[in-house]
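Below is one structure, written out as C-alpha cells; the observations come after it.
The values are calculated or read from the model by the stated rules, or taken from the named source; none is laboratory data. Source: prediction; values computed, not measured. Quick reminder, even Gly has a Cβ in these numbers, built from the backbone with ideal geometry, and neighbours come from all protein chains shown. All accessible areas refer to the heavy atoms of the entire protein, side chains included, with ligands and DNA or RNA removed. Shrake-Rupley method; radii C 1.70, N 1.55, O 1.52, S 1.80 Å.
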Amino acid sequence: MSKKYLIVGGVAGGASAAARLRRLGEEDEIVMFERGPNVSFSNCCLPYHLSGQIKNAQDLVLMDPEKFRGQYNIDARVNSEVLSIDRASKEIEVKNLVSGETYKESYDKLILSPGANAIVPPIPGIEKANIFIVKNVVDINKLNTFIKKENPTRITVIGGGFIGIEVMENLIEAGHNVSLVEALPQVLNQFDDDMVQILHKEIMDNGVELVVGDKVTAFDTDKVVLESGKEITSEVIVMSIGIRPETTLAEQSGLELGKTGAIKVDSNFLTNDPDIYAVGDAIEVYNILTQDNFKLALAGPALKQARSVADHIHGKAVHNTGYIGSSVVKVFDFNAAATGLNEKMLANLNIEYDWVEIIPKDKVGIMPDAEELGFKLIFEKPTGRVLGAQAIGRGNVDKRVDVIATAIKFGATVENLRDLELCYAPPFGTGKDAINFSGYVASNLLHGSFKQVSMSEVRELVEKDAYILDVREMDEYEAGHITDAKIIPLSQLRDRYDEIPRDIPVYIHCRSGQRSYNAVLTLQAKGYTQVFNISGGFKGVCCYEYFNDKTKGRQPIVTAYDLK
Ligand code: FAD
C-alpha cells in the first residue's frame with residue numbers, strides 16, 4: 001500500500017531524503033515543504049557568487065519544483081512554511097507565504113530537515129548598520145546586489161569560521177577592502193593554534209585587515225566598534241558568527257532536544273516520535289571519539305543521514321557508525337583540512353594523547369610544483385589509536401586528511417598508518433607519503449625513542465635562555481636563526497658533540513624537524529638523556545611566530561623569518 005511522506009526543508013537533507021524515498025517507493029506520495037523560494041540549492045557554493053566564480057545566482061539552484069515533479073514525481077512546495085505538527089493526528093499545518101493561506105497535510109512518516117539559522121545577536125546599534133547573512137540564495141543576492149550598487153569602501157566580515165573565511169576570500173577576489181573580526185584568538189577553530197598561524201599570515205598577506213581576539217560590542221552607521229576600543233569604518237557587515245539549530249517545530253510539538261540544544265535522535269535518526277525523523281544541521285549526532293553527542297553542521301553528514309532515513313523507512317538495515325567531523329577550506333593559496341579531535345577539544349576530555357607535527361613535501365621535492373605540507377597527527381596514548389589530523393599547504397591536503405578520517409573510522413593506530421599502501425608517482429606524492437611518515441614519527445614517539453617540544457614552546461625557551469641547538473648548515477643559519485641558538489651542523493655533530501652540555505636540557509632543531517631527529521638519536525647514542533626535538537623546526541617556529549609578531553608588535557625570536 002502506498003504511503004505519504006512529508007519533508008520539512010527542501011535543501012541538503014530534505015531534497016536528498018525525497019529523492020531516495022522515490023527511488024525506494026514508486027507509488028508513494030512525497031511532499032517537500034520549503035519556506036524559501038528555492039529548493040535544492042548549493043549552500044556551499046554561495047560565497048563563490050560574490051567573486052563571480054559562479055556568475056549567475058540562478059546556477060546555485062540545482063533543481064526546481066518543476067524538475068522535482070518531472071524527474072521524481074515529488075511535490076516540492078516552495079514559499080511554504082510548516083507552522084506546527086500535530087503528532088496525535090499525524091498532521092502538519094502549512095502556510096503558503098505568497099497567498100497567506102494555511103492548510104493541513106497528513107503523513108505516515110515525517111522527516112525534519114529544517115537546518116540551522118545564522119546567529120545575529122542584538123548588539124547595540126545593529127539596526128543602524130547594513131547587516132547581511134549568507135545562508136541561502138536570497139541572502140547572497142541581497143548582499144551582492146547591495147555591494148554592487150553601493151560600492152562600499154570597506155566590508156567587515158564578523159566571524160572567522162569557514163563561511164566567514166570563504167566570504168572574505170571571495171570579497172577580496174572581487175576587489176573589495178575587507179576586515180575580518182574574530183572574537184577567539186584564531187580563525188577556523190577546527191585547527192590548533194600552532195597550525196593556524198600560517199593561515200593568519202596568508203589572510204594578512206592578501207590585504208585583509210585581520211583582527212583576532214577582539215569582539216564587536218556596538219555598531220553605528222558605517223562603523224563597527226570592538227571591545228578593545230578599535231573602530232572599523234565599514235558600510236557593509238556580514239555576520240557569520242555561527243548557527244543555531246532550527247528546533248522551533250520540534251520544541252512546539254514536544255520532540256526531545258539533546259543536551260546541545262539540537263534535536264535528539266537515535267541511531268536511525270528517529271526522534272522520540274516513532275513516525276518523525278530528523279536529520280542535518282538541526283540534530284545532534286554521536287561522536288565516536290568523545291563518546292558524546294555534538295552538533296555537526298556539514299553537508300556530507302546531512303545528505304547521508306537523509307539517505308539512511310529513507311532506507312530505514314523502507315526496512316533496509318542502516319549501520320550508523322557515528323561521526324568524527326571532517327572538513328576542508330580554501331584560504332587564498334592555501335588549502336586546510338582537519339578531521340577528528342584537535343588539542344583544544346582534547347583539553348576538555350579525559351583522553352591521554354600525544355601529537356606529531358611534520359612539514360614534508362607533498363610531492364617528490366624536485367618536481368616543479370612540489371609544496372610543503374604542514375601536517376599534524378594526534379593519537380591516543382598508550383594505544384596509538386589515531387584521534388585526529390590537520391593538514392595545511394598549497395597542494396593536496398584533503399587527500400591526506402581523508403585517509404586519516406577513513407583510518408579513524410576503522411579504528412586504526414599509528415602503526416597502521418606506517419603500513420598504508422598509498423598511490424605514488426612523482427606528480428602526486430612521495431613514496432613515503434606524509435601519512436606514512438607521520439606514522440613513523442608517532443610510533444617512535446609512542447615507543448619512547450625520542451622526546452619533543454612544540455614550536456609554540458620555543459619563545460618561552462628563548463626567554464629562559466634554554467640551550468637551543470641548530471643543526472642546519474651554516475648558510476641556512478646565516479640566512480636566519482633563533483636568537484642565541486648555538487649552531488653545529490648535523491654534518492659536524494659526530495666530531496663536535498663534546499661542545500654540547502650533558503647536564504641541562506638541549507633543544508635541537510633543523511628546518512623542519514627531520515635532520516634534528518637524527519641529531520637527537522646521535523646524541524642519545526652518545527649517552528645524552530635530556531635532548532628534545534623541536535617539532536616543525538625553524539620553519540614551524542617562523543610560521544608560528546610571524547602573525548603575532550607583526551600584529552602585536554612584539555620582539556621576534558628569530559633574526560629573519562623562513563616563510564618560503
Ligand atoms: P539546509 O540545507 O540549510 O536546509 C534547511 C531548509 O529548511 C532551509 O532552506 C529552510 O528554509 C528550511 N526550513 C526550515 N524550517 C522550515 C519550516 N518550518 N518550513 C519549511 N521550511 C523550513 N558544508 C560542507 O560540508 N562543506 C561546505 O563547504 C559548506 N559550505 C557552506 C557554505 C555556506 C555559505 C553555508 C550556509 C553552509 C555551508 N555548509 C557546508 C553547510 C551545509 O550547507 C549544511 O550543513 C547543510 O546544508 C545542512 O543541510 P540541512 O538539510 O540540515 O539544512
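Name the residue, out of 36, 14, that is within 9 Å of the ligand (Cβ to nearest atom) and surrounded by 24 or more Cβ atoms within 10 Å (Cβ to Cβ).
Just a single option satisfies the conditions, and that option is 14.
If I ask for residues that are hydrophobic (A, V, I, L, M, F, W, C) and within 11 Å of the ligand (Cβ to nearest atom), which ones from the range 282-306 would you list?
282, 283, 296, 297, 298, 299, 302, 303, 306
Given the options 551, 529, 522, name the one that is over 22 Å from residue 491 (Cβ atoms) and either touching a helix residue (DSSP H, G or I) at 6+ places or on another chain (Cβ under 6 Å) or not in a loop (DSSP other than H, G, I, E, B) (or both).
Sole residue among the options that is over 22 Å from residue 491 (Cβ atoms) and either touching a helix residue (DSSP H, G or I) at 6+ places or on another chain (Cβ under 6 Å) or not in a loop (DSSP other than H, G, I, E, B) (or both): 551.
So in the range 204-252, with the set limited to residues that are among the polar types (S, T, N, Q) and under 20 Å from residue 164 (Cβ atoms), which one is farthest from the chain's Cα centre (by Cα)?
Among them, the one singled out is 233.
Quick one: residue 491 ticks every box in (1) assigned to a helix (DSSP H, G or I); (2) surrounded by 18 or more Cβ atoms within 10 Å (Cβ to Cβ); (3) of a type in the set (Ser, Thr, Tyr) bar one, so which box is it?
Residue 491 satisfies all of (1) assigned to a helix (DSSP H, G or I); (2) surrounded by 18 or more Cβ atoms within 10 Å (Cβ to Cβ); (3) of a type in the set (Ser, Thr, Tyr) except (2).
Among the listed residues 58, 53, identify the single one that is open to solvent by 30 Å² or more (accessible area, probe 1.4 Å), away from the ligand (no atom under 12 Å from the Cβ) and touching a Cys at 6+ places or on another chain (Cβ under 9 Å).
53
Please go through the range 316-354 and give me each residue that is basic (Lys, Arg) and farther than 30 Å from residue 170 by Cα, ordered by number.
316
Quickly run through the range 86-105 and pick out the residues that are open to solvent by less than 50 Å² (accessible area, probe 1.4 Å) and among the acidic types (Asp, Glu).
105
In the list 309, 356, which residue meets the criterion of being of a type in the set (Val, Ile, Thr), within 13 Å of the ligand (Cβ to nearest atom) and over 18 Å from the mean Cα position of the chain (by Cα)?
309 is the lone residue from the list that is of a type in the set (Val, Ile, Thr), within 13 Å of the ligand (Cβ to nearest atom) and over 18 Å from the mean Cα position of the chain (by Cα).
Any residue in the range 38-50 that is without any contact (Cβ under 8 Å) to a residue 24 or more places away in the chain sitting within a Cβ distance under 7 Å of a residue that is more than 8 Å from the ligand (Cβ to nearest atom)? List the pairs, counting only those 6 or more apart or interchain.
Partner pairs satisfying both residue conditions: 42/60; 42/62; 45/54; 45/60.
Please find, within the range 78-120, the residue that is farthest from the ligand (Cβ to nearest atom) out of those that are of a type in the set (Ser, Thr, Tyr), part of a strand (DSSP E or B) and under 22 Å from residue 3 (Cα atoms).
The qualifying residue farthest from the ligand (Cβ to nearest atom) is 106.
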